[in-house]
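S.K.: Got a structure for you, questions after.
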Amino acid sequence: MPSETSPVSTIRNLGPKSDEVFARAGITTADALREMGADAAYKRLLETGSKPHFIGYYALVMGLQGRPWNDCQGDEKKALRKRFDALKADVRPKDPNSEIEKILNEIGVIPR
């Protein structure tokens, strides 16, 4: 059974690369990801510069439910597409090259 320090990749559908991607967004454990929920976590990924990808989003949603990524179909998939599109529309990625972002990064305010 995963512990409270288990990596994100212990969640179904998420592989080792997920550990890096979520860590850049400040989400370092499976429990933290579960506590945030799929939408808040995916929004954080987008805010920290990850490119939106619908399959990645619904694989996350399905994984948090303990389901295989390809289990999402029909009306459920359409509803998730609406949630995904709303998340994308709501997020404007930070420009890591802006002056203020550079300064905040240098002093350690921005999670790596």
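Where a number appears in this text, it was derived from the coordinates with a stated rule and is not lab data. What you see is a predicted model, and the numbers here were worked out from it, not measured in a lab. Backbone-built Cβ (ideal geometry, glycine too); neighbour counts: all protein chains shown.
S.K.: For residue 79 and residue 47 in one chain, what is 0.36 nm times their gap in residues minus the Cα-Cα distance, to one decimal in nm?
M.R.: Length difference between fully extended and current span is 9.3 nm.
S.K.: Taking square-rooted eigenvalues a ≥ b ≥ c of the alpha carbon gyration tensor, is the stretch 1-74 rounded, prolate or oblate, where a/c under 1.5 means rounded and, failing that, a/b exceeding b/c means prolate?
M.R.: Here the stretch 1-74 falls in the oblate category.
S.K.: In whole Hz and in residue order, list the ³J(HN,Hα) couplings for the stretch 44-56 that follow from phi through the Karplus curve 6.51 cos²θ - 1.76 cosθ + 1.60, θ = phi - 60°; x for Gly and Pro.
M.R.: Values, residue by residue: 4, 4, 5, 5, 9, x, 5, 7, x, 8, 4, 4, x Hz.
S.K.: 7 Å from Cα along Cα→Cβ at both residue 32 and residue 106: what's the point-to-point distance in nm?
M.R.: 2.6
S.K.: Provide the gained length on full extension for the span residue 88 to residue 9, in nm with one decimal, where the gain is 0.36 nm per separating residue minus the Cα-Cα distance.
M.R.: 26.1 nm
S.K.: How far is it, in nm, from the label point at residue 71 to the one at residue 20 when both lie 7 Å from their Cα along the line to the Cβ?
M.R.: It is 2.8 nm.
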